[in-house]
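Coordinate-derived values only; no laboratory data. This one's a predicted model, so the numbers in the text were calculated from it and none came from an experiment. Cβ placement follows ideal geometry from the backbone for every residue including glycine, while neighbour counts extend to all protein chains displayed.
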Amino acid sequence: MSALASVEERVSRLTKAAARRLVEPDEEVPGAPGEGQLLPDELLSVAGLGLELTPDQRAKLAREEVASITAAGIRFEAVLEAGFGVQLATAEDLTDPRLTFILHELGEETRHQRLFQRLLGQLAPTARSPIPTRVVRLAYRLAIELTASSPALFYVLVLAGEEIPDLIQKLASEHRETDPFIRAVNRYHRMEEARHLSFARAVFPEVLSSSRRLERLLVRHVAPRLISVMFDDLVHPGVYASVGLPAFSTWRRANATSTRRQLRYDATRPVLRVLVDAGAVRPGRVPGPWRRLCGVRSDESPLETAPPPA
Ligand SMILES: [Fe+2]
Ligand SMILES: [Fe+2]
């Protein structure tokens with residue numbers, strides 16, 4: 001089977017699986033988060049910082065962290081929808097089976113966003129990000145512009161935007177002390193995202209093969225930096241200020257703990273693997289920004305996680 005036929009075959013299988021079961025989150029994931037601490041201590045971003053927090057502070061922090069990640073999820077999925085919208089609007093062949101799957105994926109993402117929106121309203125977060133709104137808006141607009149004109153970069157960010165939440169949601173949904181409703185939301189989301197990940201992995205090699213030199217440079221040197229920012233911003237600095245901690249210094253320290261870095265490494269190494277397999281990164285020649293993002297050497301071998309800088 002040619003590479004093209006095998007991609008189309010895989011995509012058609014994913015489309016069939018998506019069509020088989022449409023999940024309406026208002027019916028299948030009803031309910032609301034409880035009043036207690038929504039995430040266990042070890043899954044909080046500050047785990048490993050040795051902070052002395054009261055039970056009330058931990059409960060508030062957990063709620064605000066979940067809210068921050070949920071809000072980021074809605075925005076990331078909107079960037080994905082924008083990118084897919086551009087692909088559809090500019091497609092030469094509107095009957096391409098890839099577009100059929102993309103239409104399923106768009107439907108699923110808007111359902112996820114409705115669930116996340118409901119959850120966000122129920123969480124009623126009070127933390128405000130100290131990063132000015134105009135800066136955030138500009139960053140999202142730039143991300144949309146850049147990915148609209150660079151499909152290879154778009155798919156790398158899609159892969160990271162799916163792998164990172166997938167691991168975070170796996171840890172939350174498998175932990176007995178996570179709030180039952182948060183576990184249910186995470187389980188439902190992971191189930192559908194698994195197909196999205198398979199789709200992005202299936203089409204990336206062909207997207208890369210038709211990419212320009214500049215796009216490949218973006219994939220090698222800009223994508224890992226954007227992914228790093230994406231990861232660090234999942235829990236925004238204002239979350240820490242909401243429990244009386246210094247916003248930016250806690251944020252920086254939390255993102256530098258060995259636990260947090262290991263989480264980033266574990267979530268992003270599968271993305272690097274796809275890049276190496278597709279030939280975007282040559283084996284043994286992993287560029288510096290990817291090495292730092294994934295905690296690997298130039299031959300992709302993992303670094304031991306060092307203790308956080310003092
Ligand atoms: Fe989603
Ligand atoms: Fe997705």
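Taking Q169, Q122, Q113 in turn, the Gaussian network model of the chain (Cα-Cα springs below 10 Å) assigns the largest fluctuation to Q122. In a fully extended conformation the segment linking V229 and S298 would gain 22.7 nm over its present Cα-Cα distance, using 0.36 nm per residue. So what's the angle, to the nearest 10 degrees on a 0 to 90 scale, between helix 55-89 and the longest Cα principal axis of the chain? Roughly 20 degrees between the two axes.
Please state, as a whole number in µm²/s, the translational diffusion coefficient that the Stokes-Einstein equation yields for segment 85-224 at 10 °C and 1.306 mPa s, with Rh defined as the Kirkwood radius across alpha carbon pairs. It diffuses with D of about 92 µm²/s by this estimate. Here the extension length gained between L88 and K16 equals 24.0 nm, from 0.36 nm per residue of separation less the Cα-Cα distance. With r defined as the distance between the Cβ atoms of S258 and I131 and R0 fixed at 22 Å, what FRET efficiency is calculated, to the nearest 0.05? Once the sixth-power term is evaluated, E becomes 0.30.
Please compute the net charge surrounding S242, taking Lys and Arg as +1 and Asp and Glu as -1 over other residues with Cβ under 11 Å from its Cβ.
My count for the surroundings of S242 gives +1.
Let me have the 222 nm mean residue ellipticity of the chain computed from DSSP H runs of 4+ only, each contributing -39500 (n - 2.57), with the sum over all residues rounded to the nearest 500. Don't skip to the answer; put the middle values down first.
Numbers: 13 runs with 212 residues, N = 310.
Estimated from H runs of four or more residues: -23000 deg cm²/dmol.
For the chain, how big is the tail of P(r) above 36 Å, as a whole percent of Cα pairs? Cα-Cα pairs in the chain separated by more than 36 Å: 17 percent.
In terms of Cα atoms, the Rg and Dmax of segment 188-294 work out to 16.3, 51 Å. Taking GluC sites (Glu not before Pro) in DSSP loop states with no more than 12 other Cβ atoms inside 10 Å as exposed sites, the chain has its longest site-free stretch at 93-303. Karplus-derived 3J(HN,Hα) values for segment 129-134, using 6.51 cos²θ - 1.76 cosθ + 1.60 with θ = phi - 60°, are 6, x, 6, x, 4, 5 Hz; glycine and proline are entered as x. Taking trypsin sites (Lys or Arg not before Pro) as exposed when their DSSP state is a loop state and no more than 15 other Cβ atoms lie within 10 Å, the longest site-free interval of the chain runs over 22-127. Amide H contacts of V296: L303, each under 5 Å away and 5 or more positions distant or on a separate chain (H built 1.01 Å from N in the peptide plane; Pro and chain starts excluded). Using only Cα atoms, tell me the angle between helix 3-20 and the longest principal axis of the chain; keep it within 0 to 90° and round to the nearest 10. The angle comes out near 50 degrees.
Count Lys and Arg as plus one, Asp and Glu as minus one, and take only other residues whose Cβ is under 12 Å from that of E300; the net charge is then +4.
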